[in-house]
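Heads up: the structure comes next, in structure tokens.
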């Protein structure tokens, strides 16, 4: 029953993704005192299991109206944390060669919404802000050709067939062992039966685990 649920959630995920594919991706910018702070992903959309980086730009108005300048050493007294639900991780901030541009490498491991929390000071200005960034997508966004929902059903059917085949093999071994003449006392019927069932179980377990892995990956 649990395996069927994996297939159901995979199909629902594909449907939801199809409905939200047209959403535009953009970095989020906030203003704190004289500063503009922009956060987002280096590569968009972010994909589960693929190396990416969270970028943070810190700017202030330039000498000419409409221009801005990057703030160097912005993270001298500032800490950035990425938050996913109840989990959080302090980011290891790297400095980009361009003034005011910073990044932290990260491999997202789950789909969903992340936020960047900034706490500390920039040149004496108190910072305590949470910036939402783009949702992490499943690998299906990169799949081509797209996988169909029917494949999950085929894999569940294959799993059921593997279990049925194992049950038949166990019954066959039991019937054959029951017909062996053990009057000599040199043959342990129970041991032979147990080894036979154990061997079949190992083979079936390998098939089942492989099918479950394919279902989870979709």
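Results, tabulated for the structure shown:
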item	result
Any chance residue 86 is within 29 Å of the chain's Cα centre (by Cα) and without any contact (Cβ under 8 Å) to a residue 12 or more places away in the chain	yes
Those strands (runs of 3 or more DSSP E) lying entirely in the range 73-140 with at least 2 residues under 18 Å from residue 57 (Cβ atoms)	77-84, 101-106, 112-122, 125-136
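Just so you know, all these numbers are worked out from the coordinates, no wet-lab data involved. As the structure is a computational prediction, the values presented were derived from the model and not from experiment. Cβ coordinates were reconstructed from backbone atoms using ideal geometry, including for glycine residues, and neighbour counts include every protein chain displayed.
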